[in-house]
Amino acid sequence: MTEETKTEKQTEEKKELSLQEKYELCLSIAEECIKPTELYSLLEHIEQPLAYDGFEPSGRMHIAQGILKVINVNKLTQAGCKFIFWVADWFALMNNKMGGDLKKIKLVGQYMIEVWKACGMDMTNVEFLWSSDEINKRSNEYWTLVLDIARRNSVKRIQRCGQIMGRNNSDDLYASQIFYPCMQAADIFFLKANICQLGIDQRKVNMLAREYCDLKKIRHKPVIISHHMIMGLKKGQAKMSKSDPDSAIFMEDLPGDVNRKINGAYCPEGDVEKNPIFDYLKYIIFQKVDSITITRKEEWGGNVTYNSYEEVEQAFIKKELHPQDLKKAVAKVINQLIDPVRQYFKNNKKAKRLLAQVKKAVLQEQKRKQKEKLKNQKQQEKEEEKEQVKEQVKENKTENEKEKK
Ligand SMILES: N[C@@H](Cc1ccc(O)cc1)C(=O)O
């Protein structure tokens, strides 16, 4: 094990925590918590609260889905929770992922579970449940819930949840994308989750579930602990994007990919706001290591070790630390953090085969999407041409009329 990874934070060790410590550990995940007082009471009165997160198996896995999720899940299980990962295979299908091919979606789901296992998720109190299996097992209960949620909400209200499927409010939705939010809200009650531990992009549907509790007079509403969404690496990219491979580090990126992407990342000198490198430092790196060492020539200030995120931030703001030197150190730590995943997929035969299948499916999906985009472009061009012809005819007509007069 290397120097950096040897100093993994204590949160990953098992020790009995006080109520206050558990509460603070849970809150440390939150960009937003609704509501902290309810969270406290939950931890106080329930022996093992149930937390859940869901994910669409939809392609490659970026570092936020990988390492950030592991950090959050480990914190919650250490705080005494049980954690359910909802493998949202049907949701990926409804959202037209992997060309709507459930077989491919399931393959990606298996791959994602393997990655989490490989990068240090403590599995003791973690369970993976596949949405299609669980819904089929208790289908009456599930669909009764979904229909009740659907009948109590307007189409407009459901459309406003578009962000949970990566859609804008103004986007045209498929009919399946109207089912989707109703089903996601139902999941919370179906799974009997006490805590919704999803990204802040999922807050609208979690709020809808809390509103549903008001309508149904359900006393204990689910507590929402929403985590931060890590920025994309390029300038102005608010979030990581699977369609732009350089916007994020992916869990099976090679060292050369990591170095290139971090080197090309937006990191303006002296500015820590809207700076993705600082997002990585705060939410990933300093969650996993206690210090980071910058190696540089004597003439540039010599080597220096920072023992906290705040120390790096201060040095950067004071311009004692140059973006280039920082990037080199950041790339090195990221490479160390994802190396166990690389090794696992290299050395474990079954995992290796799975990765090859996933890569093939992802490639097919990319091609399909490109084709679809091209088709849409052509369609649009055709429509524009039609419009132009119409305009022309109109103009000619008025010309003729003028001449007649
Ligand atoms: N909407 C989530 C996936 C999800 C699906 C169902 C859930 O109950 C929870 C989460 C995503 O975009 O990744």
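We did not get these values from a lab; they are worked out from the coordinates using the rules stated. Source: prediction; values computed, not measured. Because the Cβ atoms are built from the backbone with ideal geometry, glycine has one as well, and the counts that use them run over all protein chains shown.
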- Can you list residues whose amide H is under 5 Å from residue 290's amide H, if they're 5+ apart or on another chain and H is modeled 1.01 Å from N? 7
- Query: Given the Cα atoms of the stretch 3-227, and with Rh set as the inverse mean 1/r over their pairs in the Kirkwood sense, what is Rg to Rh to two decimals?
  - Reply: 0.96
- Query: Around residue 162, with a cut-off of 12 angstrom between Cβ atoms, what is the net charge of the other residues, counting Lys and Arg +1 and Asp and Glu -1?
  - Reply: +2
- Query: How large is the helix-only mean residue ellipticity at 222 nm for the chain, computed as the sum of -39500 (n - 2.57) over DSSP H runs with n ≥ 4, divided by its residue count, in deg cm²/dmol to the nearest 500?
  - Reply: -17000 deg cm²/dmol
- Task: Throw me the Rg/Rh for the chain, computed over C-alpha atoms with Kirkwood Rh, two decimals.
- Result: 1.04
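Over 22 Å between C-alpha atoms is what I'm after, so list which of 15/75; 69/288; 82/349; 35/75; 274/367 land there. Let's see the in-between values first.
Numbers: 15/75 12 Å; 69/288 12 Å; 82/349 31 Å; 35/75 18 Å; 274/367 32 Å.
Cα-Cα > 22 Å for 82/349; 274/367; rest within.
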- Query: Within straight cross-link reach of residue 402, meaning Cα distance under 30 Å, which lysines are found once same-chain residues fewer than 8 apart are removed?
  - Reply: 386, 390, 394
- Distance between the stretch 178-224 and the stretch 304-358 - C-alpha centres, whole angstrom: 35 Å
- Message: Suppose we keep just the alpha-carbon trace of the stretch 356-405; what are its Rg and Dmax in angstrom?
- Response: 21.8, 74
